[in-house]
Amino acid sequence: MTQETTQETKIEDKLEDLQHQEGPLLEVKDLQVDFTTDEGHAVHAVRDSSFSVYPGQWVAIVGESGSGKSTSAMACLGLLPGTGKVVGGSIKLNGTEISHYTQKQFVSVRGSKMGLVPQDPMSNLNPVWRIGTQVKESLVANNMDVSHEKRSDLAKALANADIEIKSEGDETFLGSKELPELIEAAEQALVTIGVTGDDLDKHMAYFRGEWVPGSETRWRVADDLIKAGVKDDDAWYIAKKYVTGSTMEDRIAGLLDEAGLPDAATRARQYPHEFSGGMRQRALIAIGLACRPELLIADEPTSALDVTVQKKILDHLQDLTNSLGTAVLFITHDLGLAAERAQHIVVMYKGQVVESGPSLEVLQHPQHPYTKRLVAAAPSLASQRIVSVEERGADATALMEHKVNEDSLEHADTVIDVEHLTKEFKLPRRKELFKAVDDVSFQVKRGTTLAIVGESGSGKSTVANMVLKLLEPTSGTVTYNGQDISAFKGKTLLDFRRHVQPVFQNPYGSLDPMYSIYRSIEEPLRIHGIGDKKSRAARVRELLDMVELPETVMQRYPNELSGGQRQRIAIARAMALNPDVIVCDEAVSALDVLVQDQVLHLLNDLQAKNGLSYLFITHDLAVVRQIADDVVVMQHGRLVEHGTTDEVFLHPQQQYTKDLLDAIPGGKLELGLDL
Amino acid sequence: MTDITKPLPGQERYVAPLDETPLQTVDTVDESAPASSMWADAWRTLRKNPLFIISGILILFIIFVALFPGVFTKNDPNYCNLDNSLEPAAAGHPFGFDLQGCDVYARVVYGTRTSLSVGILTTLIVVAVGTLVGAIAGFFGGWVDAVLSRIVDIFMAIPMLLGAIVVLQMFRTITSIWKVVLVLALFGWVSTARIARGAVLSSKNLEFNTASTALGSTPTRNLFRHILPNSVSPIIVIATTSLGSYIVSEATLSFLGIGLPTTTVSWGGDISKAQSILRTDPMVLFYPSVALAITVLAFIMMGDAVKDALDPKSRTA
Amino acid sequence: MGKYLLRRILQMIPVVLGTTLLVYALVFALPGDPVKAMFGDKPVNEAVAAQIRAEYNLDKPFIVQYFLFLKNALSLNFGETFAGQPVISEIGRAFPVTIKLALMAFCFEAIFGCVFGVISGLKKGKWYDSVILIVSLLLISVPTFVTGFLGQYLLGVKWRILPVTAGSNPGFLDLLMPAMVLGSVSMAYIIRLARSEVSSNIAQDYVRTARAKGMTNTSVTFRHILRNSMIPVVTYLGQDLGALMGGAMITEQIFNIHGVGFLTYQSILKGEANMVVSVVTLLTLVFVVCNLLVDMLYAALDPRIRYA
C-alpha cells in the first residue's frame, strides 16, 4: 500500500517536472470569437479569454449554456459553427500559433494532435456507416500504423513498468489470428512451470480478459507472462512468436474495447441505431482517442447519460487518458463533475473567464460573485432541503434545525395513495408484454413532497402519467382523497383534473407555441368555466406575480422566453385552479443550475404558502435532497427503496441506491466552504 | 492533494475584476424586445425576403389584372377579324394579332382571370378536402387512418395529367371552368391530405396536448384549439406552391384541347392555337407563354418565401 | 430486409387493385357509350352492338366486368381496338419508345440535377448558387409545352442543332431534345432537393465529428455529406421514373413521338376505352413497381430502415 502510494507520488512529481519542462500544451490568450447575425451585427461570443492546458492534465471549463465554453473549445479545433470567427487573441498548440490556420492546415492537427469527444451521442455518429467504419476513418485519415502502438513521450516517460521497451517491435499489437495459439502457448508455459488447478484457471481467465487483439502489445503480454511466473526469456520468446501485429479490424475492435465497449469485434460491425446512448458515447471516445492525440477536447461528453453510466464512462476515460498521457480539456455545466475530475478549472460567464485556478480551491473558496452564486446554487449531496421564504423570515433558529418537514410527514393525511400499480405495454413485433411499472406502492402526504428517482427506463414517468390519469394502469389503483381515480368520468374527472395538475419536463414542448402567455395561463380557467373575462385577467396577473414574472410577458409568446421562464409559466398555469397536488415530471432537469435553483425555490415557497403536495419525478438525486421529504427509488419498473429523504441519503439500504448516490458527481466533496 | 501542489505557470488563481462582467440577475425577461407571435415572426422574416417582395408585388398585380382587365385594354379579346390575321404590332395593339386576327394583348390580359380563377378555386377545394381527410386520418389513427391512407395511395398512383384527361374526355360538352377545377381537385387533394396528416400526427404528439388534457381539456377541444392551429403552416406552404402548379395543369389541359372550351379566353388554349405557326410567327406563342410563366413563377416564389418563414426547422428557439 | 420487402409487396396489392378499379370505373362507368362510339357517325345496328357488348362483357354488371378485365389483363389479353388490332401489340410498339425517352430524360435529370444541386448546396450564397436557383425556379414555372416549343424554336428552327420532331422510329439524337424537355422540371426539383439536403447535412453534428477526426474536406464531403444527402434524392428519382412514363404525353405530342402518351391521347380522342384502360393500368403498374424499387433502394441506402 505505502509502496504504491510512494510510487504514485513519484509519478506525480515526474509528471510535474515534465509539465514544467515542456510548458503548456495548449495556450489560449485573450481569445475573441464573434458571430455575425443576419443583420450583419457582430455578437461577441467569447471575449478576452485566456486559459491553458498542460500535458497530461485535466482542465475543466464550466459555465451555463451560452457562456461561451463550447465556443472556446471549438475555436481551438477550428470547428466554429456557422458564422463564428476568431477575431482576436492567440491559440498556441505546442507553442505553434494555430488561430490563423486555414481549414487545410487544421486537418493536419485534428485527430492526431487534438481529438474531440462531442456532446450529444445521438447526433454525432453518422447513421449510415457502421461503427467500425467510423473508427477506421479516423485511423485512415491520419495514416495510423494499426499494427504498432503509438504512445506519447509523456506516457513513455511516466510508464511505471519494470520492463524496458527494447525496440520498436515490442510495441507490436496482438492480432486476432494469433490469439488462440498465444493462449495455448501461455497455458503450456504455465503448466511447464508447474501452475495447475485453480491457479491456472485464474491466470488463464486473466489472460483471456486482458489480451485483446488490436490493443494489447507484445511487451505487455511478456510482462503479464513474467508476472504469472514464466521465465523472462520464455515469456519474451512466446510474446515475440505470437504477437506479430494486428489488422485494421483488430485495431478497431481493440480501440472500442479500450473505450469500454464489450464484445467489440461484433459491435464494430453494427450501425449506430443499434447502440444505446452510453455505447455510442464509448464509440465516440474510441474515435476521439483513436490516433492518440496529445489533447482530447471533451464537450459535455456525458451530459445526456444516466449518472451511473456517466460515472462508468468517465472513470474509464480517466484511466485511459492517464495511461496514455493525454491531456483533457473538459467542458461541463456540472460543478461537481469539474471538482471531481479536473486539476484546473476555468469558470466562464457571458463569454468571459471570470475565475480560474486549481479546481478544488476555486470551488471551495470562490471569489468572483458569479462563481459564488454558481457554487451556492449547485445541488450536491451535502445540500439541505430548501427552506421557504416564510420559514426563513419567521424563525431563524428553526432554519438551522429544519431538514425535512418531519412534523407534516407524521401527522398529515394521505392525498395520493398508489397501491400495487402495474403497467404493461405491448412492444411492436414482440409477443411478451413489457412491464414498465411493476407493483409500485407509495403514499403522498398532504403538504409534503414525494420524489420518485430513477434512471431512464425506470418507469418513473409512467407512474406520473398514471397518477395524472393520462394513462390507465394494467392493474393496481391510484386513489385521490380516498377515491379511486379509475372511476372518474365526465364531471368527476374534470373535478379531479382541477385538483391534480402537472408540470412537465420539456419547457419547450408543454406550452403551445401559438398561444400567448396570457392565453396559456388562462386556458385552465376557460376549460373549467371559471370567472368572466375580467376576473380571469386579474387571476392571470396574480399568477404571474406569484411566479415572479412581469405582467408584460402576458402578450408574449413562448418562443421569446427562456427555458426557466417557460417553466415558471407552466407552474403558473398549474396553479391557476388552486390545485392540491402538482405532479412535476422532470420539471427542472433541462435547466441551468442557477435557473434550476430559482425554480426549486419557487416551488418550495408555493408549497409553504398554499399547502401543496408534490409528486416530484427526477433522475437527479442531488435535486431530491433539496426538495423532497420522502423518496421512492425505482429501477426497471420496480420500487427499490422507499423512505424519508434523510434515511435514504444517510443510510441507503439497497445496493442500487448506494450506486446512485456514489455516482453523483462530486458528491463527496464539500464545495463553497466560505458561503 | 491537488491543493498542496503549486499551480503550474499560467494557471495561478485568477479572478476577473467585477466591472468587466457585471453580474446580471438570473433569468430576467428582456422587456425591451417587441412581443412576437409565430405569425409576427414569420411576417418579420417575410418582409426582409426579396423573394417575397418581388412575388408579392407580382401577385398583387396579377390579381388586379384579373379583376379589372378593362383598365389595361379597351379591346375585346373575342373580337377577331381575319383581315388582321398575323398583323404585327400596331398602335393600341402592342402584341399584334394572331392567326384568327384576334388582338394578342387583349387575349393575354383577359386570360389572366381564367388562369387565376382555376388556380385559386382548385386550391380552395383541395385545401378544404385535403385538410379534412388528412386531419381525420392523423387524429383518429387506427383503421380510419389505414383506410384513408390506402385511398390516398391509390389516387397518388394515377398520374394527375393522365387521370384528368380520362375524366375530362367524358365531359367534353360541359363548358364551365368548374369542370377543370373539380377534375384538378379530384387528383390534387391527395398531396395536401398527406401533408395535413403528417402535420396533425406530429403536433398530436407534442407535449402541450398532454398538458392540455391534464388541465381538463377533451380530445376534440385539443384538435380544434391546439392541433389544427399548429398544423396550419405546412398546409399554407403546399397550398401556395401548388396554386402555381394548378395553373400549369389547366394550361396544359387547355393546350391539349380537352380543358377549357375554345370559347373561353385562356393562355393554354392560345398557346395551343399558336403552335402551328411556331416556325413563322413565334411571338404569337411567346406572349401568353411569358404571362403564364410569370404568374406561375410568382406563386412558386411566394411558396418558397412562406416556407422559409414558417419552416419549423428554422424556428428552433 | 426480406420481411420488410414482403410487407411492402403486400401493401402494394390493395393499391394496385384500387387504382385499376378507379381507372376502370372512370372510363366505363361514366356517361358515354363506348359501343356507340365505335359506330361513329353510322347508324347503330342493335344486333351488332349487342354482340360487341357481349364480347367486351359490357352487358354484365360493372364489378363483374372489372374482374373479367383483371383476369384477362393477367394473361396480357387486353382485347382489341376498334380497328381489330390486338391492344397488346399496339402497346408493345409504343412502350419501347417511351421507355427509351423516359430513361434518357431520367439520366439527364439525375446527372445535371445532382451535379448542380450539390454544387449549389456546398457553395450556398455564391453567385453561381443564385444563378442555379433562379434557373431551377424558371424551369419549374414554365410549363413543359412552353419549354418544348422554346426548344423546338431555338434548337430546331433557329440554330438547327437538333431535329424539330422525332417521328415514328426515333433515334438517340431525335429523342435528345424531347428527353431534356421532359426531364427539365424534375431536374429543377432535384436541384432544389439536393441543395437543401446538402446544406442541411453540412451542419450535422456527425460532419463536425468527421472533421475533428482529421479527415480532409474532400472525404468528409463525399463520405458524410453527399452519402447522406443521396437518400432522399434517390427516393425522388425512383418515384420520378414512373411518373416520367406517365408524364411523357405532352412531350410526345409536341415532338410527334409515337410512344405510350401519344397512343393514349389518340385513343382518348377516338374514344378507344379499352386501350385507355389498358395503358393507364400498365402505367400505374410501372409506377407502383418503381415505388417498390425505391423502397428497396431506400432500405439499401439507409440501415435504419433495413433493420426496422
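Hey, among the residues in region A:515-530 that are surrounded by fewer than 20 Cβ atoms within 10 Å (Cβ to Cβ) and under 37 Å from the mean Cα position of the chain (by Cα), which one's nearest to the other protein chains (Cβ to nearest Cβ)? Ranking the qualifying residues of region A:515-530, first place goes to A:S516.
Could you check how many residues of region B:167-188 are polar (S, T, N, Q) and under 19 Å from B:S115 (Cα atoms)? The total comes to 2. Listed by position, the strands (runs of 3 or more DSSP E) contained in region A:598-675 that have at least 3 residues being in contact (Cβ under 8 Å) with a residue 60 or more places away in the chain and touching a Gly at 6+ places or on another chain (Cβ under 9 Å) are A:613-618, A:630-635. Number of residues in region A:560-618 that are charged (D, E, K, R) and more than 14 Å from every other protein chain (Cβ to nearest Cβ) equals 3. For region B:22-47, a residue qualifies if it is of a type in the set (F, W, Y) and either surrounded by fewer than 11 Cβ atoms within 10 Å (Cβ to Cβ) or more than 9 Å from every other protein chain (Cβ to nearest Cβ) (or both), and exactly one does: B:W43. For region C:49-92, a residue qualifies if it is within 25 Å of the chain's Cα centre (by Cα) and of a type in the set (A, V, I, L, M), and the qualifying residues are C:L70, C:A73, C:L74, C:L76, C:V87, C:I88, C:I91.
Of C:V279, C:V198, C:V220, all but one fail to be farther than 30 Å from A:N142 by Cβ and more than 8 Å from every other protein chain (Cβ to nearest Cβ); the exception is C:V279.
For the residues A:Y518, A:Y557, the requirement of being modelled with pLDDT of 90 or more and of a type in the set (F, W, Y) singles out A:Y518. Just one of the listed residues (C:I268, C:I231) is under 24 Å from the mean Cα position of the chain (by Cα), within 30 Å of A:V107 (Cβ to Cβ) and at the interface with another protein chain (Cβ under 9 Å from one of its Cβ atoms), and it is C:I231. Taking region A:195-250 as the range and being buried (at least 16 other Cβ atoms within 10 Å of the Cβ) and of a type in the set (D, E) as the test, the residues that pass are A:E216, A:D223, A:D224, A:D234, A:E249, A:D250. Look at B:V127 and say whether it is surrounded by 24 or more Cβ atoms within 10 Å (Cβ to Cβ), under 19 Å from the mean Cα position of the chain (by Cα) and of a type outside the set (D, E, K, R). In short, no.
Within region A:92-103, if we keep just the residues that are under 26 Å from A:G40 (Cβ atoms) and in contact (Cβ under 8 Å) with a residue 24 or more places away in the chain, the residue that is surrounded by the fewest Cβ atoms within 10 Å (Cβ to Cβ) turns out to be A:Q103.
Within region A:23-40, take every residue that is touching a strand residue (DSSP E or B) at 6+ places or on another chain (Cβ under 9 Å) and under 26 Å from B:A309 (Cα atoms) and give me the one that is surrounded by the most Cβ atoms within 10 Å (Cβ to Cβ). The selected residue is A:D34.
Does region A:485-502 contain any residue that is closer than 28 Å to A:V463 by Cα, away from every other protein chain (no Cβ under 14 Å) and surrounded by fewer than 18 Cβ atoms within 10 Å (Cβ to Cβ)? Yes, that holds for at least one residue.
Residues in region A:172-209 that are out of contact with any Asp or Glu (no Cβ under 6 Å at 6 or more places or on another chain) and within 17 Å of A:D263 (Cα to Cα): A:K177, A:L179, A:P180, A:A205, A:Y206, A:F207, A:R208, A:G209. Whether any residue in region C:234-243 is in contact with a Ser or Thr (Cβ under 7 Å, 6 or more places away or on another chain) and either more than 8 Å from every other protein chain (Cβ to nearest Cβ) or modelled with pLDDT under 90 (or both) is what I want to check. Yes, some residue in region C:234-243 is in contact with a Ser or Thr (Cβ under 7 Å, 6 or more places away or on another chain) and either more than 8 Å from every other protein chain (Cβ to nearest Cβ) or modelled with pLDDT under 90 (or both). A residue that is at pLDDT below 90, buried (at least 24 other Cβ atoms within 10 Å of the Cβ) and part of a helix (DSSP H, G or I) can be found somewhere in region B:135-157. Of the residues making up region A:300-341, those that are basic (K, R) and either within 21 Å of A:A378 (Cβ to Cβ) or in a loop (DSSP other than H, G, I, E, B) (or both) are A:K311, A:R341. Every listed requirement among (1) in contact with a Ser or Thr (Cβ under 9 Å, 6 or more places away or on another chain); (2) more than 8 Å from every other protein chain (Cβ to nearest Cβ) is met by A:V109 save one, (2).
Out of the residues in region B:86-107 meeting the condition of being under 33 Å from the mean Cα position of the chain (by Cα) and of a type in the set (D, E, K, R), tell me which one is modelled with the lowest pLDDT. Result: B:D98. Among the residues making up region A:589-603, a single one is buried (at least 21 other Cβ atoms within 10 Å of the Cβ), under 20 Å from the mean Cα position of the chain (by Cα) and over 11 Å from A:A378 (Cα atoms): A:L591. Scanning region C:135-161 for residues that are more than 24 Å from the chain's Cα centre (by Cα) and more than 10 Å from chain B (Cβ to nearest Cβ) turns up C:L155, C:W159, C:R160, C:I161. Could you grab me the full set of residues in region A:277-325 that are under 22 Å from A:E27 (Cβ atoms) and within 14 Å of the chain's Cα centre (by Cα)? Within region A:277-325, A:A298, A:D299 qualify. Between B:I235, B:I247, the distinction of being surrounded by fewer than 24 Cβ atoms within 10 Å (Cβ to Cβ) and either closer than 30 Å to B:F97 by Cβ or away from chain C (no Cβ under 11 Å) (or both) belongs to B:I235 only.
Taking region B:59-78, which residues are part of a loop (DSSP other than H, G, I, E, B) and touching a helix residue (DSSP H, G or I) at 6+ places or on another chain (Cβ under 8 Å)? Passing the criteria: B:F72, B:T73, B:N75, B:D76, B:P77. Looking across region C:71-92 at every residue that is within 20 Å of C:F262 (Cβ to Cβ) and among the polar types (S, T, N, Q), the one that is surrounded by the most Cβ atoms within 10 Å (Cβ to Cβ) is identified as C:T81.
Scanning region A:536-559 for residues that are more than 11 Å from chain B (Cβ to nearest Cβ) and more than 21 Å from A:K609 (Cβ to Cβ) yields A:R536, A:A537. Every test in (1) in a helix (DSSP H, G or I); (2) within 14 Å of another protein chain (Cβ to nearest Cβ); (3) modelled with pLDDT under 85 is passed by B:D83 save one, and that test is (2).
Checked against the criterion of being more than 18 Å from C:V289 (Cβ to Cβ), surrounded by fewer than 18 Cβ atoms within 10 Å (Cβ to Cβ) and modelled with pLDDT of 65 or more, the candidates C:A25, C:A29 yield just one match: C:A25. B:S36 falls short on exactly one of the conditions (1) under 30 Å from A:I517 (Cβ atoms); (2) over 39 Å from the mean Cα position of the chain (by Cα), and that condition is (2).
The values are calculated or read from the model by the stated rules, or taken from the named source; none is laboratory data. These figures come from a predicted structure and were not determined experimentally. FYI the Cβ positions are ideal-geometry reconstructions off the backbone, even for glycines, and counts take in every protein chain you see.
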